[in-house]
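Since the structure comes first, as structure tokens, the remarks are kept for the end.
The values are calculated or read from the model by the stated rules, or taken from the named source; none is laboratory data. The structure presented is a predicted model; accordingly, all values stated were derived computationally and were not measured. When we count neighbours, we look across all protein chains shown, and the Cβ atoms used for this are built from the backbone with ideal geometry, even at glycine.
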Amino acid sequence: MPYLAAEFPNNDDAHNDLGNALDGEGDHDGAIAEYRKVLALNPDHAYAQSNICNSLNEKSDYRTALIECRKAVEQKPRDASRRLGLGNAYYYGGSYDRAIAEYRRALALQPIPRALL
């Protein structure tokens, strides 16, 4: 994956994919750096801001995660996965009432199919 980002340095999706791979390997700081490159290339990228939020939650940096997750929700307030990320940041940061509110908003936007319950 790194070769794609190196070979195509102006391709936002290549950097996003590299970020996903790094995140999957537990290199959250490396992933966040790649996601920030994505946003530098394309501030409206569909997933980069949300991916930063999730990576920060994974590395237990909940204070910064809250900031980034709020940005992700501001970009796309009707995106259930972004609301879930914000809910997780609230939850892990100990703000349980706010977490529940975000989880409810996420469910309202994308209800769980009955077959999965």
Study note, to complete from the structure: Across (1) aromatic (Phe, Trp, Tyr); (2) modelled with pLDDT of 95 or more; (3) exposed (fewer than 15 other Cβ atoms within 10 Å of the Cβ), Phe8 clears everything bar (2)
Check your understanding: Counting only residues that are surrounded by fewer than 22 Cβ atoms within 10 Å (Cβ to Cβ) and either of a type in the set (A, V, I, L, M, F, W, C) or assigned to a loop (DSSP other than H, G, I, E, B) (or both), how many does segment 33-63 have?
Key -> 13
Study note, to complete from the structure: Flagged pairs (Cβ under 7 angstrom, 6 or more apart or on separate chains; first in segment 30-51, closer than 10 Å to Gln75 by Cα; second among the aliphatic types (A, V, I, L, M) and surrounded by fewer than 17 Cβ atoms within 10 Å (Cβ to Cβ)) are none
Exercise for review: Answer yes if at least one residue in segment 65-85 is among the polar types (S, T, N, Q) and in a helix (DSSP H, G or I), and no otherwise.
Suggested key: yes
Revision key, fill the gap. Of the candidates Arg70, Arg63, the one satisfying the condition of being in contact (Cβ under 8 Å) with a residue 12 or more places away in the chain and over 22 Å from Ala108 (Cα atoms) is Arg63
Practice item. Take Leu66 and decide whether it is over 12 Å from the mean Cα position of the chain (by Cα) and surrounded by 17 or more Cβ atoms within 10 Å (Cβ to Cβ). Key: no
